[in-house]
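The values are calculated or read from the model by the stated rules, or taken from the named source; none is laboratory data. Just so it is clear, the structure is predicted and the values come from calculations on it, not from any experiment. Here the Cβ positions follow ideal geometry from the backbone for every residue, glycine too, while neighbour counts run over all protein chains shown. Accessible surface is based on the protein model in full, side chains and every heavy atom, while ligands, DNA and RNA are left aside. Shrake-Rupley method; radii C 1.70, N 1.55, O 1.52, S 1.80 Å.
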Amino acid sequence: MTIITVNAPKGRLSLEQCRELAETLTDAVLVPEVGQPAPAARAGFQVHFVERERDMMAIGGGLLADAEQELDVMVIDLAVMDAAWQLEVRAEVIELVLAALAVACRLEKPAPAWWVNFRVIDEGSWGSSGGVLSVLPLLESGVFTEERVKAVHAALGV
C-alpha cells in the first residue's frame, strides 16, 4: 500500500498533468517496491492532489501570495508500507518522483522548491478494510519479484 500526496499551489497542475502524474508517480514507487511493473499491484497505490491557495503556502518565511515573482513550490509526501526500503531504493524512488514531476510540468529538471518526504509506515500501523494490514501476506501475491521478497524478509527480520 502506498499513498502519494502532491501538495501544490492552486492551478499549478492541469487536469491532464494530474492524469499523467497519477500513472507516472504510481510507477515511480511501484517498480522499485515490488521489483517489476506488476499491473495487479496498482490497486494498492493512491495518488492525491491537494491544491492550496497561495496565501496558505509560504517559503523562506513569506507567503507565496506576497512573492514578487511566482515561485514553483510543491511538496510530495510518500507513505509506504514497511518493507525493504534501503537508502539506495529510497533515493531511486525520490529521483523517479522528481523526474516524473518535471516531465509532467514540461521542465528540463525539477524545480529547487519541489520537496519529497519519504515516510515508512511501521509494520502493524496501516489499516484498511476494517483491519490492520501487513506487507507479509502481499509477498505471497505473486506481484513481488523473488529478489524483493527476500529483501523484505531480510529487512523485517522474518
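With kT/(6 pi eta Rh) evaluated at 25 °C and eta = 0.890 mPa s, and Rh the Kirkwood radius from Cα pairs, the stretch 1-87 diffuses with a coefficient of 169 µm²/s according to Stokes-Einstein. Net charge in the neighbourhood of residue 153 (other residues with Cβ under 13 Å of its Cβ; Lys, Arg +1, Asp, Glu -1) is -3.
Looking at the stretch 105-158 from every direction and averaging, what is the projected area of its Cα convex hull in nm²? Mind dumping the intermediate values first?
Working: hull surface 26.7 nm².
Hull-based average projected area comes out at 6.7 nm².
Keeping all protein chains in place, calculate the accessible area per residue for the stretch 1-117 (probe 1.4 angstrom), answer in Å². Before the final figure, lay out each step's value.
Values: 6220 Å² over 117 residues.
I get 53 Å² per residue for this part.
Per residue, the stretch 119-158 exposes 62 Å² of solvent-accessible protein surface, assessed with a 1.4 angstrom probe and all protein chains in place. Taking Cα atoms only, the orientation of helix 15-34 departs from the longest principal axis of the chain by about 30 degrees. Per-residue Karplus couplings for the stretch 135-150, computed as 6.51 cos²θ - 1.76 cosθ + 1.60 with θ equal to phi - 60°, are listed in order as 6, 4, x, 5, 5, 8, 6, x, 7, 7, 5, 4, 4, 5, 4, 4 Hz, Gly and Pro entered as x. A Gaussian network model of the chain, with springs between Cα atoms under 10 Å, assigns the largest mean-square fluctuation among 16, 92, 68 to 68. For the stretch 132-155 versus the stretch 7-60, the spacing of their alpha-carbon centroids is 24 Å. The accessible surface of the chain, taken with every protein chain in place and a 1.4 Å probe, is 54 percent carbon and sulfur. Could you compute the FRET efficiency for residue 125 and residue 99, with r as their C-beta to C-beta distance and R0 at 35 Å, rounded to 0.05? Efficiency, from the Cβ-Cβ distance: 0.75.
Simple spin-label estimate for residue 16 and residue 77 gives 3.0 nm between the two label positions (7 Å along the Cα-to-Cβ direction from each Cα).
Only one residue of 67, 100, 50 has its Cα farthest out toward the positive end of the dipole of the stretch 35-120, where Lys and Arg carry +1 and Asp and Glu -1 on Cβ, and that residue is 100. Only Cα pairs under 8 Å and 6+ residues apart enter the sum, and on that basis the relative contact order of the chain stands at 31 percent. Taken along the Cα-to-beta-carbon direction at a fixed 7 Å, the label points for residue 136 and residue 36 span 2.4 nm. With a simple spin-label model that places each label point 7 Å from the Cα along the Cα-to-Cβ direction, the separation between residue 55 and residue 67 comes to 1.8 nm. Length gained on full extension, residue 111 to residue 154, computed as 0.36 nm times the residue gap minus the Cα-Cα distance: 11.9 nm. Computed log10 I(q)/I(0) for the stretch 6-158 at 0.17, 0.18, 0.20 Å⁻¹: -1.02, -1.10, -1.26, from the Debye equation with unit scatterers placed on every C-alpha and solvent omitted.
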